[in-house]
1. Which shape class applies to the range 383-482: rounded if a/c is under 1.5, otherwise prolate when a/b exceeds b/c and oblate if not, where a ≥ b ≥ c are the square roots of the Cα gyration tensor eigenvalues?
2. Suppose a student asked you for the relative contact order of the range 42-96, using Cα pairs under 8 Å spaced at least 6 residues apart; what percent would you report?
3. I'd like to check one number: the per residue accessible area of the chain, probe 1.4 Å, reported in Å² as a whole number.
4. Based only on Cα atoms, what Rg/Rh ratio does the range 427-583 have, Rh being taken as Kirkwood's radius?
5. How would you rank 534-544, 166-176, 520-530, highest first, on the average number of other Cβ atoms within 10 Å across their residues?
6. With the cut-off at 31 Å, tell me which of the pairs Lys424/Lys614; Lys257/Lys301; Lys148/Lys227; Lys159/Lys238; Lys584/Lys663 have Cα atoms farther apart than that.
7. Kirkwood hydrodynamic radius, computed over distinct alpha-carbon pairs, for the range 6-320: how many Å, to one decimal?
8. In whole Å, largest first, what are the principal axis extents of the Cα atoms in the chain?
Amino acid sequence: QTCSVKERVFLQVGVTAQKTMRLLPASGRKATQKVVVGDQDGVITCFGIKKGEAVPVFKTLPGQKIARLELGGALNTPQEKIFVATGSEVRGFTKRGKQFLSFETNLTESIKAMYVHISGADLFLCASYIYNHYCDCKDQHYYLSGDKINDVLCLPVDKVHGITPVLACQDRVLRILQGSDLLYEVEVPGPPTVLALNNGNGGDSGEEIVYGTSDGKLGLTQITGSKPVPKWEIGNEKKRGGILCIDSFDILGDGVKELLVGRDDGLLEIYNFESADDPALRYDHALSESIASIQGGCVGKDGYDEILASTYSGWLTGLTTEPVHREGGSGEELKLSQEMQSKISSLRNELEHLQMKVLQEREKYQQSSQSRTAVSSVPAFSVNDKFTLNKDDASYSLILEVQTAIDNVLVQSDVPIDLLDVDKNSAVVSFSSCDSEPNSNFLLATYRCQANTTRLELKVRSIEGRYGTLQAYVTPRIQPKTCQVHQYQIKPLSLHQRTHSIDHDRPMNTLTLKGQFSFAEIHSWVVFCLPEVPEKTPAGESITFYFQNTFLGTQLESTYRKGEGCFKSENISTISILKDVLSKEATKRKINLNISYDINEESVRHTLKLIHPKLEYQQLLAKKVHLIDALRELQVHEGNVDFLLPKYRSILEEADQLLEEYKRQPAHLERLYGMITDLFIDKFKFKGTNVKTKVPLLLETLDGCDQDGLIAFFEAA
């Protein structure tokens, strides 16, 4: 059974945030549903579709930007009351646009996530770290989360006894609450960005929750009263975008609801349940920008179901099952073509009118700009950016999305970083020479985008121990020319990623700090050193974080409290970087530190065993790539390559893949050489010996040296 759909665009509102578009339930005899959407101009727009055109129902005045939009209503009645979160306030509107609620919460921050319970009286609101439960606008429960809250929902009260809120938190955890207390935590494979009830109602038990993560993974877990029961999990082997929205709807008409998924790279996916256990990807469709909200329903024409998506810049796009050419004879087809022709004609007229208006306004602007008293206003534009570490290839993805077409992006860095190739990137990149000494300028690259590009994805790889700032200067295609600068911190241990647990049996080196510092001070130093650590000082007297180096697979355990910090890792270089950076930060604040360390000799051997297979693989890849040109020349001269040894023939056969892999990972071998050199220097630094004169000999040894030979060199030195 194939899913045959066509795409159509209804209208554009302002820039939209995640989960700000819903379909109202169908009312009366009419089977079609109205659409309600809130944008960052603070406007709520409600419209229906008639003959393929958007017909407005109501539109509110602009105000503070809308962060969430949910539907609610009393139990066992249509969920058609509209609730929006804007700033620290929740407003309620009827389906006709009449405001019936204006609830100013006691939150000091803006609301980031909201859920309206089907009871109609319970409201769940989250700011960055704070969760509040209100019943009839009265404060009931409060919880302070250990990391940022990305989404919230509550299990259905008609199926599950009592109120069970679920928080999706940035530290790769779902937190299940009971009142104001934490019931238990559910570890998930990535930072969860969105939650949805399975099947729209939590499944048969009402306890099933579907989650999507920022690194593109999807999963379902059952939230029982005592513990989680994982049901299924889908990885992200194809390296697709992060998941922003989820809905359940039977678009295939087979009686079973499919899972609709919207991603931040513009991919819309439909998963169906062919087997009872795991969903299978049935259909996908690419839109040009990130999908902020997704809904399934009947919008355009009675009898034809549709998937409606709202994108970042406010486009509302429908994928309908309505056929393009209707069956029923040439008369109807002729009527359709006449309808289309008149529509195209009116669009052409509108376009010509707009072009004339733009020309007139531009002339007016040019004339007024000659005047001495004229003031040029800078046009405001929104940029949606995301800077995240990818575990698979130890690189950072920088995604920039602009509400209008991008002209160019200038990337500048004051620390050495490698720019990696991105398949989806069609922009032309050019590099400028940098003067790294006086200005600490290590990278200057310009990406020139093709017309109508609104989204750009870049990949960079940093070097641990070198820290500073990466800056992106974004210039869109608007007049007068305007540029926005966005800054991203490259941290000293930038390739480390938070993990739930580590292997305690590995040989660990220990760094211990003692001194007159507060819990908040040492926490701020750890935030400065490591990614994915919440900026807010944790509750309690002490905290432990676990990390894994995404490039090498080494581990780090960080435990600290007021006056004391303890850091353990099998990689001496990690301990060395922490020692240098933490000492520097303490010196800035004039705090005396008592630093002690315990070095495990076995740890160097262990780290070399982790590095060597990667080194061997990259050395072999480099050798194969260097042979390709010579082998191809032989092939041209000799006509065939039957006389070659099988290993050389296989290099020719795999030449394209080898070149592609080598191009994707520039400077990979140099980075490994650098890590081994740092390990060598750091091992002896802790013994008080300077071995920098022996580095050239080490680099000679690395070429073609086996693992045992490398370990022997380290020990003999």
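The values are calculated or read from the model by the stated rules, or taken from the named source; none is laboratory data. Keep in mind the model is a prediction, meaning the values are calculated, not measured. Here Cβ is always computed from backbone atoms with ideal geometry, including for glycine, and neighbour counts include all displayed protein chains. Side chains included, ligands, DNA and RNA excluded: accessible areas come from the protein's heavy atoms. Shrake-Rupley method; radii C 1.70, N 1.55, O 1.52, S 1.80 Å.
1. Values: a/c = 2.01, a/b = 1.35, b/c = 1.49.
Verdict is oblate for the range 383-482.
2. Values: 91 pairs, mean separation 14.5, N = 55.
Worked out over the range 42-96, it gives 26 percent.
3. Details: 34700 Å² over 717 residues.
That works out to 48 Å² for each residue.
4. On the way: Rg = 19.5 Å, Rh = 18.2 Å.
Rg/Rh for the range 427-583 comes to 1.07.
5. Numbers: 534-544: 13.6, 166-176: 22.4, 520-530: 19.0.
Averaged packing, sorted descending, gives the order 166-176, 520-530, 534-544.
6. Numbers: Lys424/Lys614 27 Å; Lys257/Lys301 20 Å; Lys148/Lys227 23 Å; Lys159/Lys238 37 Å; Lys584/Lys663 38 Å.
The answer is Lys159/Lys238; Lys584/Lys663.
7. On the way: mean 1/r = 0.0514 Å⁻¹.
Value: 19.5 Å, from the Cα pair sum.
8. Principal axes ranked by extent give 87, 72, 71 Å for the Cα atoms.
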